[in-house]
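K.L.:
Would you mind keeping the following structure in view while I ask a few things?
The values are calculated or read from the model by the stated rules, or taken from the named source; none is laboratory data. It should be emphasised that the depicted structure is a prediction, and the values quoted were computed from it without experimental measurement. For neighbour counting, all protein chains shown are included, and Cβ atoms are generated from backbone atoms with ideal geometry for every residue, glycine included.
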Amino acid sequence: MSKIWVYAELTNAELAPVSLEVLTGARQLGGDLEAVVLDPAGAGVVETLGEYGAGTVYLGLDPSYREHLAQPAAFVLAGLVEQHHPDLILFGATYDGRDICARLSARLGLTVVANVLDVVPHGNGYAAVSSIFGATQNVTTELLGPSPCALVRAKSFVAAPGSGTGPQVVDVALPPEAPTGARRLESVVTPSSGPKLEEARVVVSGGRGLQAPENFRILEQLAELLNGAVGASRAVVDAGWVPYARQVGQTGKTVKPDVYIACGISGAMQHTVGMKGASHIIAINKDRDAPIFKLSDLGVVGDVLKVVPALISELEARGAQAP
Ligand SMILES: Cc1cc2nc3c(=O)[nH]c(=O)nc-3n(C[C@H](O)[C@H](O)[C@H](O)COP(=O)(O)OP(=O)(O)OC[C@H]3O[C@@H](n4cnc5c(N)ncnc54)[C@H](O)[C@@H]3O)c2cc1C
């Protein structure tokens, strides 16, 4: 039976949502599912990993994994791979996931496919479905060689626990020769309120049509009324109007909310690739020929600076209830 590994990542002592999604996707492939956790807070997530299908958890708790970025994790993971020879290794396509996967592949010469949306059985092994050409086409790639790796995009699978229980835990030690050449000096958490962009059920996104950074205030107001999060196009991120963390699209985040409201966004392919999976798309744009209308379920042709305040007044008058 094949052995599939998921590199399970923690954010602030909790499993990253993408790790739970990847575990869910991996479970559908059958085989023995195992997780690797290299984080000082890892002991707290072992039960959850079991619920999501991991029969074994390789657990490293050394503080160095947090202090020294990806180097020690990639080193230890390489040792584990050489020892246990998994048939497939899945990572969430996060900053750390990409960093660790790249270093692992460089150490052991493993195959890597990035931007993966799905993994399917193929022959005696697996193939990865990834999106190319600005997400206009999907390509299926056979994963050859020992322990091939796939970097899976967020929201490729819907996270759902299975019926697993307490997994076997294998303690992993950090060898003294593990490289520790880069040390984290400071971590700054940007204060935010409301749901996270990637997890929000409603996303209100703004583009250059907002005309000035201060006009994002009306999107904040609308998002708050709908218990949603505020996103943005790259044009306004590049202009310094909002932080990069809000960018939706090819070089930003992928979101799949119930409702996506695009305000003054033209609908360039590089933007829509990050939001076209939303269940309902509403677009507000003064140009009736804007490409975003081709994707939208509801289109409002008008000035965003008039339409959004009118929407806010209407919601306030109705005593908006978050979905
Ligand atoms: C390699 C690469 C990667 C990229 N990655 C991303 C990415 O991740 N995310 C992303 O978003 N983009 C990305 N881009 C940029 C993308 O191609 C577009 O340039 C960008 O999405 C345009 O942003 P925008 O829609 O806000 O601006 P514009 O294209 O300038 O559109 C502004 C829209 O606002 C409308 N408008 C103007 N005034 C009003 C008003 N008062 N009321 C209503 N509507 C109004 C206009 O009709 C227009 O449709 C990438 C580009 C490249 C080359």
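K.L.:
Among the candidates VAL45, VAL119, VAL152, VAL81, which residue alone is farther than 28 Å from ALA245 by Cα and crowded, with 20+ Cβ neighbours inside 10 Å?
P.N.:
None of the others qualify; the one that does is VAL81.
K.L.:
Restricting the search to segment 115-144, which residues are farther than 20 Å from GLY30 by Cα and either more than 16 Å from the ligand (Cβ to nearest atom) or outside any loop (DSSP other than H, G, I, E, B) (or both)?
P.N.:
ASN115, SER130, SER131, ILE132, GLN137, ASN138, VAL139 - these are the residues of segment 115-144 that are farther than 20 Å from GLY30 by Cα and either more than 16 Å from the ligand (Cβ to nearest atom) or outside any loop (DSSP other than H, G, I, E, B) (or both).
K.L.:
Within segment 226-237, identify whether any single residue is surrounded by fewer than 13 Cβ atoms within 10 Å (Cβ to Cβ) and not small (Gly, Ala, Ser), and answer yes or no.
P.N.:
No, there is no match, as no residue in segment 226-237 is surrounded by fewer than 13 Cβ atoms within 10 Å (Cβ to Cβ) and not small (Gly, Ala, Ser).
K.L.:
Restricting attention to segment 238-268, report how many residues are over 20 Å from the mean Cα position of the chain (by Cα), surrounded by fewer than 24 Cβ atoms within 10 Å (Cβ to Cβ) and of a type in the set (A, V, I, L, M, F, W, C).
P.N.:
3
K.L.:
Further, regarding this structure: If I ask for residues that are hydrophobic (A, V, I, L, M, F, W, C), touching a helix residue (DSSP H, G or I) at 6+ places or on another chain (Cβ under 9 Å) and either surrounded by fewer than 17 Cβ atoms within 10 Å (Cβ to Cβ) or in a strand (DSSP E or B) (or both), which ones from segment 1-38 would you list?
P.N.:
Selection gives ILE4, TRP5, VAL6, LEU10, ALA13, LEU15, LEU33, ALA35, VAL36, VAL37, LEU38.
K.L.:
Let me ask something additional. For segment 244-277, what are the residues that are in contact with a helix residue (DSSP H, G or I) (Cβ under 9 Å, 6 or more places away or on another chain), within 20 Å of ALA93 (Cα to Cα) and either near the ligand (Cβ under 7 Å from one of its atoms) or part of a loop (DSSP other than H, G, I, E, B) (or both)?
P.N.:
Across segment 244-277, the qualifying residues are GLN247, VAL248, GLY249, GLN250, THR251, GLY252, GLN270, HIS271, MET275, LYS276.
Conditions tested, residue by residue: (1) at pLDDT below 95; (2) touching an Asp or Glu at 6+ places or on another chain (Cβ under 7 Å); (3) under 29 Å from SER131 (Cβ atoms).
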| site | (1), (2), (3) |
| --- | --- |
| CYS149 | no, no, yes |
| VAL170 | no, no, no |
| SER193 | yes, no, no |
| PRO213 | no, no, no |
| LEU222 | no, no, no |
| VAL230 | no, yes, yes |
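K.L.:
For TYR95, only one of the following conditions fails: (1) in contact with a Pro (Cβ under 8 Å, 6 or more places away or on another chain); (2) closer than 24 Å to LYS155 by Cβ. What is its number?
P.N.:
All conditions pass for TYR95, except number (1).
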